[in-house]
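Written out below as structure tokens is the structure these notes cover.
Quick note: the coordinates plus some simple rules give every number you see, no bench work behind them. From a predicted model like this one, the values you see are computed outputs, not experimental measurements. FYI the Cβ positions are ideal-geometry reconstructions off the backbone, even for glycines, and counts take in every protein chain you see.
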Amino acid sequence: MWPLTFKKRLDSWVQMRESASNLPLDDSLSLINDWWFQAPWRPYYLHWDDRENWPDPWELLDDNVYCSLARALGIMYTIAIIDHNDITDAQLIQNENDNLVLVNKRKYILNYEDGEVVNNNPNVGNIKKELELEKLKLTLK
């Protein structure tokens, strides 16, 4: 169940990050994906053209509004903060269908489906917009 207050969401997010940082990569990514898929979904909260005004991770948790892009951004923030040794790269992308998080040269795809991290390297289609993990990390400093 998704925590109802900001404090409880923050506490839950901290606990999830601590667990994810100590798990094998597959389990870690599954935990992160599953946690963010619990978030209450609402369309059209964030937009790629307004990237300069995207919330930081704590504002995102406080706002408590999650479209597909907001959920993917939360996944990326989580990956950036846990700094898991087995994660070599990650991208937040927009393709023709959705907003996805690609990890380790597209070996893992998050924000694709609830309860599932895709790891069979499917074709993600035409990438319209993207944000690299290293660039996102710079916004957190």
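Put simply, the C-alpha atoms of the chain give a gyration tensor, and the ellipsoid matching it has half-axes of 20, 18, 15 Å, longest first. Modelled this way, with points 7 Å down the Cα-to-C-beta line, the labels at residue 130 and residue 15 are 3.7 nm from one another. Long hydrophobic helices in the chain: the complete DSSP H runs spanning 15 Å or more by Cα along their own axis with mean Kyte-Doolittle hydropathy of at least 0.5 are 68-82. The stretch between residue 6 and residue 26 holds 4.4 nm of extra length on full extension. This uses 0.36 nm per residue minus the Cα-Cα distance.
Rounded to whole Å, the principal axis extents of the Cα atoms in the range 77-137 read 28, 23, 19, largest first. Sorting the segments 100-110, 76-86, 14-24 by their mean number of nearby beta carbons within 10 angstrom, highest to lowest, gives 100-110, 76-86, 14-24. Seen from residue 62, the other residues with C-beta closer than 11 Å to its C-beta sum to a net charge of -1, counting Lys and Arg as +1 and Asp and Glu as -1.
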